[in-house]
Amino acid sequence: MIQRAPARLSLTALCALSACVLAACGGGGDDPSGGLGSISGVLSGMEQGKSLVLQNNGSDDLALSANGAFAFAQPMALGAAYAVTVKSQPVGQTCAVSNGNGTIAANNAGNVAVVCSLGSGGNGNKLAIGVPSLLGDWLENGCVTTGGQSYKRLVRATKKTDTSIWYSQIFHSYANGNCSGSNFSVMPQALGEVSFSRSESNERIAANWGEFTTVTNTVSPTIWAKKSETLLCLLGDQKPSIQPTLEAVESSLATLSALGCFSKVPR
C-alpha cells in the first residue's frame, strides 16, 4: 500500500500535466481566430485583360484583374456587418454581386459571388454619372400646398471639385393652391456641399453615393440618383450604406413617385 500511493500520485500529476499541455495547445476551447473573420468569394465572367474594383462597407478596395477566388485583406470582428459592392466596373461589362450582405459568423463569409456579363458598361447607353451629370437647376415635380398658397422647391447644383458640388435651393411661391401661374422666387439658400465617393449606372438608373455636409457641419450620407437624364431623386442613406448596390437603389426608386423627384430645368 505504501508503494502504490506514489503511483496514484504520479497518475494524478500526469493528468494535471496533460490538462496543461492541452490548454497550451488550444485544446481548452479557445477561439484560434481571435474573434476575427474574413470575407471571400469567387469572381467569374470577367473578360481577359479587364479589371474591376470591389469594396466592403464603402472601403477596403480590392482590385481584381482575373477570374477566380478573392479575399478582402481587412479582417472583421465576428458579428460585424459587411456589404460587398462593385466600386468600378470592367469596361464593356456589368458585374453583379450576390450574397454580398450579411453578418460575419463562423469565422468567415466565404460565399460572395461576383458574376460579370456583357452589359451596358462602356457602350454609351448607360445614364451619365458623376458631378457633370448633376449640375444645373432641378425643379420639384410635386406641389406643396399650405393654406391658400403653394410652392415648389428648386435644387441648384454647382461644381466645387471634380467629385463634389455646392448644394442650394430656391423656393417658388404661388398665390394659389396648385403651383400654377406666376410665382415669387425666394433668394437662393445655401444648404452645404455634397462630396461623392462612387457612382454607378445602367440603362435605367444612375446612382451617386456621397455625404452631404450642411453649412453647420452636420454630415449625413446621401444618394443622388437619376431615373433618366432629366429626372433626379434625392435619397437618404446610412453609414454603412443601406442601399449599397445599384440594384438596391433601383428598388428604392421603384417605390418613389416622380412627384417626389426633380426635373431638369432647360438652360
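Within the stretch 165-187, the set of residues being touching a residue at least 12 places away in the same chain (Cβ under 8 Å), farther than 15 Å from L154 by Cα and open to solvent by less than 70 Å² (accessible area, probe 1.4 Å) comprises I165, N176, G177. Among the conditions (1) among the hydrophobic types (A, V, I, L, M, F, W, C); (2) open to solvent by less than 50 Å² (accessible area, probe 1.4 Å); (3) part of a loop (DSSP other than H, G, I, E, B), the only one that L256 does not satisfy is (2). Take G192 and tell me if it is out of contact with any Pro (no Cβ under 9 Å at 6 or more places or on another chain), farther than 25 Å from P90 by Cα and not charged (D, E, K, R). It is true that G192 is out of contact with any Pro (no Cβ under 9 Å at 6 or more places or on another chain), farther than 25 Å from P90 by Cα and not charged (D, E, K, R).
Could you grab me the full set of residues in the stretch 134-152 that are crowded, with 19+ Cβ neighbours inside 10 Å and within 13 Å of L232 (Cα to Cα)? Passing the criteria: L134, W138, E140. Counted as qualifying within the stretch 150-240 are the strands (runs of 3 or more DSSP E) with 1 or more residues that are charged (D, E, K, R), namely 189-201, 206-214, 219-228. Within the stretch 222-253, the set of residues being among the basic types (K, R), out of contact with any Ser or Thr (no Cβ under 8 Å at 6 or more places or on another chain) and open to solvent by less than 20 Å² (accessible area, probe 1.4 Å) is empty.
The values are calculated or read from the model by the stated rules, or taken from the named source; none is laboratory data. Predicted, not measured: the structure shown is a model, and the values here were computed from it. In this analysis, Cβ positions are derived from the backbone assuming ideal geometry, glycine residues included, and neighbour counts consider all displayed protein chains. Surface areas here come from the heavy atoms of the whole protein model, side chains and all, with no ligands, DNA or RNA. Shrake-Rupley method; radii C 1.70, N 1.55, O 1.52, S 1.80 Å.
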